[in-house]
1. Give the number of residues within region 37-89 that are in a loop (DSSP other than H, G, I, E, B) and of a type outside the set (Asp, Glu).
2. Would you call residue 16 open to solvent by 40 Å² or more (accessible area, probe 1.4 Å), assigned to a loop (DSSP other than H, G, I, E, B) and at pLDDT below 85?
3. Residue check: is residue 104 polar (S, T, N, Q), within 12 Å of the chain's Cα centre (by Cα), open to solvent by less than 60 Å² (accessible area, probe 1.4 Å) and closer than 30 Å to residue 36 by Cβ?
4. With respect to residue 32, is the statement that it is under 25 Å from residue 157 (Cα atoms) and part of a loop (DSSP other than H, G, I, E, B) true?
5. Considering only residues that are in contact with a Pro (Cβ under 7 Å, 6 or more places away or on another chain) and buried (at least 20 other Cβ atoms within 10 Å of the Cβ), look in region 38-57 and name the one that is nearest to residue 171 (Cα to Cα).
Amino acid sequence: ASTISQTSYIDFTTGSTNPSSVAGRVFFDTTQKALSYFDIANNQVPIAMGQQLYTRVWNATGAQIDKGKVIAITGTSNNLPSAILARNIHSITSARPIGLAAENIPNGSEGLVLNNGILSGITLNTFANGDTLYLSDTVPGGYVSSTSSLSFTARTNEIGYVLQTGTTTGKLYVTINNEDS
């Protein structure tokens, strides 16, 4: 059907697998246990409505931004916020982290940054469940599990909490909390 009218409710299938990704498709995500949809620009990331907050960004860094890297904004490109790998520098003018890349974002294209919610399928094998992660002061876009490893001049930029460790199965609850300048 091309339209839905005069209905009291819609029942979504809650089976064991998600449908194939098609831009604009609305479905019940069995992984996130939420009503979700596939974005029109990049339909690889299912967006769980009410559980995740994303920002669409443009990558003009000259290199791919990998999924799970901490992102900051430096201006605009192609009418979108211009994303870079965040760096932990104690300076009033330094770009502060806004979230984590929700997907690999090739250079010269747009992608999604998760500002708040659970990011799955990332490498978190050097951390423990429950660890609080902070923006690294030595690895752009990276994170550390202790503020004691940061240099004296670094900021305390909290990134989130490890929910599950693993090399490809890591889960992080992203909640950015930047130190006041």
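The values are calculated or read from the model by the stated rules, or taken from the named source; none is laboratory data. Just so we're clear, the structure is a prediction, and the values are computed from it rather than from any experiment. For neighbour counting, all protein chains shown are included, and Cβ atoms are generated from backbone atoms with ideal geometry for every residue, glycine included. These accessible areas exclude ligands, DNA and RNA; they are computed on the full protein's heavy atoms, side chains included. Shrake-Rupley method; radii C 1.70, N 1.55, O 1.52, S 1.80 Å.
1. 24
2. Values: open to solvent by 40 Å² or more (accessible area, probe 1.4 Å): yes; assigned to a loop (DSSP other than H, G, I, E, B): yes; at pLDDT below 85: yes.
Considered against the rule, which asks whether it is open to solvent by 40 Å² or more (accessible area, probe 1.4 Å), assigned to a loop (DSSP other than H, G, I, E, B) and at pLDDT below 85, residue 16 comes out as yes.
3. In short, no.
4. no
5. Keep residues of region 38-57 that are in contact with a Pro (Cβ under 7 Å, 6 or more places away or on another chain), which gives 38, 55, 57.
When the remaining residues are screened for being buried (at least 20 other Cβ atoms within 10 Å of the Cβ), the result is 38, 57.
Details: 38: 20, 57: 22 Å.
Filtering first and then ranking leaves 38.
To keep it simple, each residue is scored yes or no on (1) among the charged types (D, E, K, R); (2) part of a loop (DSSP other than H, G, I, E, B); (3) loosely packed, with under 14 Cβ neighbours inside 10 Å.
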site	(1), (2), (3)
148	no, no, yes
155	yes, yes, no
160	no, no, no
168	no, yes, yes
171	yes, no, no
